[in-house]
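Read-outs: derived from the displayed coordinates by stated rules, not from any lab. Remember, it's a predicted structure, so these values are computed and weren't measured experimentally. Using ideal geometry, Cβ is built from the backbone for each residue, glycine included, and neighbour counts are taken over all protein chains shown.
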Amino acid sequence: MDALYREAILDHYKYPRHKGHLDSPDITHFDHNPFCGDEITLELKIEDGVVTQAAFDGRGCAISQASASMMTEEIIGKSLEELKGWSKEDILELLGIEIGPVRLKCALLPLKALKAGVWGIEDADA
Amino acid sequence: MRSIEAIRADFPILQREINGAPLVYLDNAATSQKPLAVLRAMDDYYRLHNANVHRGVHTLSEEATALYEGARGRIARFINAPSSKQIIFTRNATEAVNLVAYSWGMATLKPGDEVLITQMEHHANVVPWQLITQRTGATLRYVPLDAQGTLRLDLLDTLLTERTKLFAFVAMSNVLGAINPTAELVARAHSVGALALVDGAQSVPHLPVDVQQLNCDFLVFSGHKMCGPTGSGVLYGRRDLLEAMPPFMGGGDMIREVRLEGSRWNTLPWKFEAGTPAIAEIIGLGAAVDYLADLGMDWVAQREHELVRAATERLSRVEGLRILGPGIEQRGGVVAFTLGEIHPHDIAAILDADGVAIRAGHHCAQPIHDFYGIPASARASFAFYNTFEEIDRLVLALDKVHAVLGM
Ligand SMILES: Cc1ncc(COP(=O)(O)O)c(C=O)c1O
């Protein structure tokens, strides 16, 4: 547990960054995890192929919400080209924890929303 | 009566430590733990008697058949079935519902017919009926819930009509803990000429169940929730119905005669048991019902009632905790709850760090969670071997959830 709920994760869960909505986002994508009920709406503003603003709204477990907060913080300023190559490892590195197969779905939901929202890719586990 | 310590000593797994703390196992509605008597019965079978059943004339095969069929007799007595021919072995309760849906349902249901289920069903008693009513053109209806998390029985008069061919309902909900008035609901179904299927997955392990007193047409349950092994399940059915129903699956054991132009079915119960069954598991289930019968199901029900009474009292004092389902008088040993806005997965993960095993999710009963407008809940579910100290450990661990995740 101490491994799963490390300080940084609790901090992002309790004080999420970029939580809310953008004025006229270029991309809005809702995704959810029906098994546990985590929900994420991801909003992005894109200029010249670069993410200039990002926000999320949602509800769910600490892992999914902290992952969304950390991811939005990280992707601002990055090019879509770079983000397209993001995988599960990049998210786990952000979270800095080992995660079992059940909770992995929670952790990867924001990435799944990003990939589906920007490129229409449905399987972000790869 | 034996002491709780002595009873706990029958269950080797209860000695385990999880994350450095003694295991507190409160996920009994998902599956129960297994006593030594069950483990030994299966071990003995494999060590001493292993052979296929109903086949050979050699000694081992006769021994295996006697053990397997002996279990059937014990299970028949456990639920007071008139005959062991009415005990059909399946893998689990889910397969037993599917057997009735595909065999009886496909042969019987027509457009205009109705199947009535309830909003508190486990998916095992929802999805087969969705599939079969879609295929047959029959209509599926639901008895909704009221604010207490009990069935809207006031609507039964309008929902049960001469169009209703089957009323399939759960005797005890695996989420709400609600114990339904089973015999009364069976009688209501019969009064319009409908059959009654009772999902006993939670009632048979925890309450005395007598099929003749309930007068139900079908009863399904799973061995693994009642101290038995996984892979062992039961369909009890009324004899004339089972005789008339076509086979569910075809293969060896379920036939009397196979010719290229067609086959003749075996008699009950084997007509519904195609292929080599889960022999060791059924023998294990026979040992499990002996174990429960020795404890006495009245005692089991009483003990679990005391545990759940203490648990609901203690839990209702935890800040932000909301219990789903009815009051203690209508509740079996299940307490599902929410804790403020904290997600049930987080609750279960933090409890696990203290060795407390509970379940988080929708517990295969999404329609109940839709009713409450929540995606998931946390659930503590009890067995007779749980203790009042374990309830203290649960409450302490929940305080920790507040400390870790509280805002
Ligand atoms: C009320 C109820 N019905 C049916 C089932 C299905 O049992 P199984 O998965 O063993 O088939 C369960 C198991 O959780 C249950 O609680």
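Taking 26 Å as the straight-line reach from the Cα of B:K225, the lysines in range (excluding those fewer than 8 positions away in the same chain) are B:K34, B:K85, B:K271.
Label separation (B:A183 vs B:S263): 4.1 nm, computed from points 7 Å beyond Cα along the C-beta direction.
Counting charges near B:A51 (Lys, Arg +1; Asp, Glu -1) among other residues having Cβ under 15 Å from its Cβ returns a value of -3. If you wrap the Cα atoms of segment B:341-405 in a convex hull and average its projected area over all directions, you get 4.8 nm². Considering helices alone, the calculated mean residue ellipticity of chain B at 222 nm is -11000 deg cm²/dmol, with DSSP H runs of length four and up weighted by -39500 (n - 2.57) and normalised per residue. Plainly put, segment A:1-60 has a radius of gyration that is 1.06 times its Kirkwood radius, both from alpha-carbon atoms, as the Rg/Rh ratio.
Once Lys and Arg get +1 and Asp and Glu get -1 on their Cβ, which of B:V258, B:I279, B:F248 lies farthest toward the positive end of the dipole of segment B:239-287? Going by the charge dipole, the pick is B:V258. Projecting the Cα atoms of B:A124, B:A101, B:A376 onto the charge dipole of the protein assembly as shown, computed from C-beta unit charges around the Cα centre, puts B:A101 farthest toward the positive end.
Reported value for the protein assembly as shown: 186 Å³ per residue, from the convex hull of its C-alpha atoms. Measuring spread by the Cα atoms of segment B:39-293 yields a radius of gyration and Dmax of 18.5, 61 Å.
A Förster radius of 51 Å, combined with the Cβ-Cβ distance separating B:R317 from B:E243, puts the computed FRET efficiency at roughly 0.40. Entry note: segment B:195-294 has Rg to Rh equal to 1.02, where both radii use alpha-carbon atoms and Rh is the Kirkwood radius. Near B:L197, once Lys and Arg are set to +1 and Asp and Glu to -1 for all other residues with Cβ below 13 Å from its Cβ, the sum equals -1. Note the per residue figure in Å³ for the convex hull of the C-alpha positions in chain A. With only Cα atoms used, chain A gives 93 Å³ per residue.
The spacing between segment B:254-286 and segment B:387-407, judged by their C-alpha centroids, is 49 Å. GNM remark for chain A: springs join alpha carbons under 10 Å apart, and the peak mean-square fluctuation among A:G77, A:G100, A:G37 falls on A:G100. With Cβ to Cβ distances under 9 Å as the rule, what net charge do the other residues near B:S381 carry (K, R +1; D, E -1)? Around B:S381, the surrounding residues sum to +1. Using a cut-off of 22 Å between Cα atoms, the listed pairs A:K78/A:K105; A:K105/B:K400; A:K14/A:K105 include A:K78/A:K105; A:K105/B:K400 as exceeding that distance.
Computed from point charges on the beta carbon alone (+1 for Lys and Arg, -1 for Asp and Glu), the dipole magnitude for segment B:39-293 about its Cα centre is near 300 Debye.
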